[in-house]
Amino acid sequence: MSYATADDGVRLYREESGSGIPILFIHEFAGDHRSFDPQVRHFQDSYRCIVYDARGYTPSDVPDDESAYSQERAVADAVTVLDAAGVDRAHVVGVSMGGFCALHLALRHPDRLLSAVVAGAGYGAQPERQESFRSECESIAAAFRDEGTPAVAERYAVGPARVQFQNKNRPGWETFAAQLAEHDARGAELTMLGVQRLRPSLYDLRDELAAMTVPMLIVAGDEDEGCLEPDLMLKRTIPSAGLAILPRTGHTCNLEEPDVFNGAVERFLRRVEDGSWGLRDPRSLSTSVTGMDED
């Protein structure tokens, strides 16, 4: 086993496969480093693939203090993993909670990123939904504490944006659900309270997002209702962002549609690497159909 050690002493489990330009994968709340198996298998022939488990997810350490968990700490941990791997700059691919982390990495440490793929990110971001999202986070955390992970996993794995995965690929979904049921309940509780519940609204960061130049691909399933509006906002705000919508797809998009997801990411990476992924042409920002009615 290989570990990276954060500045507060927390050890983060990591694995590597392949060689070449590095890709750092950052998992979602309901996942772990295994959540990127289809991506690692696809990209390891051409890239150096790095996966890790966030703090609170064994075999990484599980700190028992809520203050050890936050969005800022999650970003710092991702940098710790890059440092431990000896990587100066990498492509970063994050899903859901990991997508938020990838986005904040691009904001706070743009010098460490070649590009960012932000997938399934947006839940709770809309100002009118933030209060209910935080309340739901508290309820989920309490369920992990009171009922344990296996009981929570039975319900969590069939949420409104997870049933698409279940319907399309029952064996793959069963693997996902079984892995979720293995998670440390205390780690899940504190991650939900410290990282998920308290992360800042993306809408409050629009000025910073509008200044971003890190090449970015935003990915969302069209049935992932909590992400669609925030992802449209991100696309419209970030001049370096493109938006890919996967049809009839829910939240677990990298596992639910691995071939489509991998293809979109691969095309994006190629354009970043050949220098053809630039900033949005400001002429496209008009709401006019032709632009002929503007001075």
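The values are calculated or read from the model by the stated rules, or taken from the named source; none is laboratory data. These numbers come from a predicted model, not from an experiment. Because the Cβ atoms are built from the backbone with ideal geometry, glycine has one as well, and the counts that use them run over all protein chains shown.
Data overview
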quantity	calculated
Options L232, L209, L217, L228: the member that is hydrophobic (A, V, I, L, M, F, W, C), part of a helix (DSSP H, G or I) and closer than 22 Å to H109 by Cβ	L209
Search result, residues across segment 82-108 that are over 16 Å from the mean Cα position of the chain (by Cα) and not small (G, A, S)	L82, D83, V87, D88, R89
Matching option when the condition is in contact with a Pro (Cβ under 8 Å, 6 or more places away or on another chain), of a type in the set (A, V, I, L, M) and closer than 30 Å to F144 by Cα, among L255, L193, L198	L255
Residues being under 21 Å from E225 (Cα atoms) and touching a residue at least 24 places away in the same chain (Cβ under 8 Å) - total across segment 161-172	7
Residues that are part of a loop (DSSP other than H, G, I, E, B) and among the basic types (K, R), drawn from segment 58-114	R89
Subset of segment 188-241 that is within 18 Å of A74 (Cβ to Cβ) and touching a Lys or Arg at 6+ places or on another chain (Cβ under 6 Å) - its residue that is surrounded by the most Cβ atoms within 10 Å (Cβ to Cβ)	E189
Residue in segment 120-159 that is farthest from the chain's Cα centre (by Cα), counting only those that are surrounded by 17 or more Cβ atoms within 10 Å (Cβ to Cβ) and among the aliphatic types (A, V, I, L, M)	A143
Pair list, Cβ < 8 Å and 6+ apart or interchain, from segment 108-137 residues that are hydroxyl-bearing (S, T, Y) to residues that are in a strand (DSSP E or B)	S115/H91; S115/V92; S115/M216; S115/L217
Positions within segment 32-47 being surrounded by fewer than 19 Cβ atoms within 10 Å (Cβ to Cβ) and either in contact with a strand residue (DSSP E or B) (Cβ under 6 Å, 6 or more places away or on another chain) or touching a residue at least 24 places away in the same chain (Cβ under 8 Å) (or both), in sequence order	R34, P38, Q44, D45, S46
Qualifying residues in segment 268-295 (those that are basic (K, R) and surrounded by 14 or more Cβ atoms within 10 Å (Cβ to Cβ)) - the one modelled with the highest pLDDT	R271
S60 being crowded, with 17+ Cβ neighbours inside 10 Å, at positive phi and of a type in the set (S, T, Y)	no
Matching residues, segment 124-134, being within 11 Å of L198 (Cα to Cα) and part of a helix (DSSP H, G or I)	Q130, E131, F133, R134
Residues within segment 21-57 that are under 13 Å from T252 (Cβ atoms) and either part of a strand (DSSP E or B) or polar (S, T, N, Q) (or both), tallied	2
Any hit, segment 235-252, residues being among the aliphatic types (A, V, I, L, M), assigned to a helix (DSSP H, G or I) and at pLDDT 95 or above	no
Qualifying residue in segment 160-173 (condition: in contact with a helix residue (DSSP H, G or I) (Cβ under 9 Å, 6 or more places away or on another chain), surrounded by fewer than 16 Cβ atoms within 10 Å (Cβ to Cβ) and not in a helix (DSSP H, G or I))	yes
Single residue of D184, D222, D259, D274 found to be of a type in the set (D, E, K, R) and touching a strand residue (DSSP E or B) at 6+ places or on another chain (Cβ under 7 Å)	D222
